[in-house]
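As structure tokens, the structure follows; a few thoughts come after it.
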Amino acid sequence: MSSAASLTTLPPVIVGAGPAGIRAAETLVRAGLRPVLIDETAKGGGQIYRQQPDGFSRPAKALYGFEASRAEALHASWRALLDQVDYRPHTLVWNSEGGELDLLQVREQHYDGQPWQQLILATGATDRILPFQGWTLPGVYTLGAAQIALKYQATAIGSRVVFAGTGPLLYLIAYQYAKAGVEVAAVLDSAPFSAKLQATPAMLKGPAVFAKGLWYLGWLKARGIRIEYDAHLLAASGDQRLTAVRWRQQGQEQQLDCDGLGFGYALRSETQLADILDCRFQFDELNRAWLPVRDAMGRSSRDGVYLAGDGAGIMGADAAEWAGELAALALLQDSGRAVDATRVSQLQQQLARTRQFRQALEDAFPFPEQWVHEVADDVVLCRCENVTVGEARRLISELSLQDMNRLKAHSRVGMGRCQGRMCGLAAAELLAATSGQSVADAGRLRAQAPVKPLPYAIAPTVQQWSPALPVTAVAEEADHD
Ligand SMILES: Cc1cc2nc3c(=O)[nH]c(=O)nc-3n(C[C@H](O)[C@H](O)[C@H](O)COP(=O)(O)OP(=O)(O)OC[C@H]3O[C@@H](n4cnc5c(N)ncnc54)[C@H](O)[C@@H]3O)c2cc1C
């Protein structure tokens, strides 16, 4: 594991102003440093504690429910940091080369660079998605996107909405929508009820989370909202936009009219920057994903790069706060400063307990392993490049493909604007099942810059800024805008 040079002339840089990044910044400020804190959004808080735009004034209780006091505490910390850090909102880190981060100032549409010697990556997560027929229809959203619409701008994805998939966010978001007055037509959980029963003893080790889950479920049931277990999404249908959803349950197909569908199967870590920075990865069974390796303090395999929060493995917001503080303490320690060993061990114990509980959540909301065997050939797998499941299956079989990057080269899966951030995990499941390997052996797509799409209008500037990035790659990204 890394041990950064003790003498640094540059301020530490933190990417991500969510729970992990804010606590990391706070810890560095407490030690007398003035870190650079970069986030592509307008305000600190990250996903769970996302703040409303200026001019919106819903109270914290309405926005964050049980998490209101935690959200307010984090926002207060963020505000207190503003004049003690070099804060860069609206700033996307899209690449890194030679000791410098490549930035896009989103509002000004301006490129910039940020040199670094010590870097904390706290980049969070997005939804883990598995495609199904019609998932590209207007009206179909991921669970996270459905929640962002509601939390950020008080907008619903439809007037009669179905939520489908699995994971704790499924019930939480259904509850938030119903509480906001939207008709929730059904909650379709792909996990069987028996999985939840079996996981109950282990879930009791996280009594607060367990109690909240029961509350959401009880609240939904008390209002007569339909909840189906072992329900597997088959199709979203409609001519121009979504009008109905179809699923299979115990061999029977069922259908329901709706004009909004939120779906997702828990979360996946945003690991692209760690990959571009050459951090070592290994397969993590709990997350069913390749993740950057970190030691018990959050040090990556690369000197000066530290990892914290959901971006290094899904652990939730409390754990993200602890991991952010811990990564900052590691950075301070590596800079030759004394850190409080008792606090380090307390944070490590809290994180170890959370990881144990995380297994219970995985058992209660298991990954739907049958998806890969049941998904139809005509389903679009990679929407950027319009590659179907059938086309990918055919190439894997005909060319005996074994590796994700070979699949990408031959099929263009993951080569479009999302760079595999959306389709990558589903493609890995498909490659593993079709080639008879484990998901771990199927490997992972190597991250490529830009990690998120850049605007076409300023493609020539990017060329100037980063000559290593071919202008065709930029234009190709932009073709989809
Ligand atoms: C859409 C969504 C909704 C969620 N809702 C809930 C919820 O209601 N309740 C709950 O308990 N958990 C929720 N979670 C999970 C929860 O958000 C996380 O466990 C927690 O926020 C993790 O904190 P973090 O600091 O690691 O990451 P995040 O809170 O995700 O923060 C990461 C930050 O990094 C920034 N960032 C990422 N990449 C870049 C880049 N390249 N350049 C610049 N900035 C970048 C992002 O803008 C973001 O602000 C949600 C997750 C998602 C994805």
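The values are calculated or read from the model by the stated rules, or taken from the named source; none is laboratory data. In this text, all values refer to a predicted model and were calculated from it rather than measured experimentally. Glycine gets a Cβ as well: all are built from the backbone with ideal geometry, and neighbour counts include every protein chain shown. When the accessible area is computed, the model is the full protein with side chains, heavy atoms only, and any ligands, DNA or RNA have been set aside. Shrake-Rupley method; radii C 1.70, N 1.55, O 1.52, S 1.80 Å.
Descriptive notes on the structure:
- Accessible-area composition of the range 97-184, carbon plus sulfur, in percent [1.4 Å probe]: 51 percent
- Cα gyration tensor shape for the range 42-145, rounded if a/c is under 1.5, else prolate or oblate: oblate
- Amide proton proximity set for residue 281, modelled H, under 5 Å, gap of 5+: 293
- Accessible area in the full protein assembly, largest first, 1.4 Å probe, for 142, 243: 243, 142
- Exceeding the 19 Å Cα-Cα cut-off - candidates 151/205; 61/179; 151/452; 43/179: 151/205; 151/452; 43/179
- Solvent-accessible surface of the range 162-287, taken per residue with a 1.4 Å probe and all protein chains present: 44 Å².
- Residue 296 versus residue 69: modelled label distance in nm, points set 7 Å from Cα along the beta carbon direction: 3.1 nm
- Ranking 240, 339, 304 by Cα position along the charge dipole of the chain, where only Lys, Arg, Asp and Glu carry charges on their C-beta atoms, puts 339 farthest toward the positive end.
- Global geometry of the range 138-208, whether rounded, prolate or oblate, following the gyration tensor of its Cα atoms and the 1.5 cut on a/c: prolate
- Here residue 386 and residue 282 are evaluated by their C-beta separation; at R0 = 35 Å the FRET efficiency comes out at 0.60.
- Here the range 374-441 has 46 percent of its accessible surface on carbon and sulfur atoms, given a 1.4 Å probe and all protein chains in place.
- The chain - Cys residues lacking any other Cys C-beta under 4.7 Å: 258, 279, 384, 418
- Å² per residue, accessible surface of the range 45-139 at 1.4 Å: 42 Å²
- Charge dipole (debye, nearest 20) of the chain; +1 at Cβ of Lys and Arg, -1 at Cβ of Asp and Glu: 1180 debye
- FRET efficiency for the residue 240 to residue 106 pair, using the beta carbon distance and R₀ = 25 Å, is estimated at 0.20.
- Measuring nothing but protein heavy atoms, the accessible surface of the range 233-353 at 1.4 Å probe radius is 42 percent carbon and sulfur.
- Between residue 222 and residue 441, the C-beta separation translates, for a Förster distance of 41 Å, into a calculated FRET efficiency of about 0.35.
- Full extension of the chain segment joining residue 352 with residue 198 gains 53.2 nm, where the gain is 0.36 nm per residue of separation less the Cα-Cα distance.
- Using θ = phi - 60° and Karplus 6.51 cos²θ - 1.76 cosθ + 1.60, couplings along the range 117-127 (whole Hz; Gly, Pro as x): 10, 10, 9, 10, 9, 9, 8, x, 9, 9, 5
- Tensor-based shape of the range 175-253 (alpha-carbon gyration tensor, a/c under 1.5 rounded, otherwise prolate or oblate): oblate
- Gain upon complete extension [residue 84, residue 145; 0.36 nm per residue less C-alpha separation]: 18.8 nm
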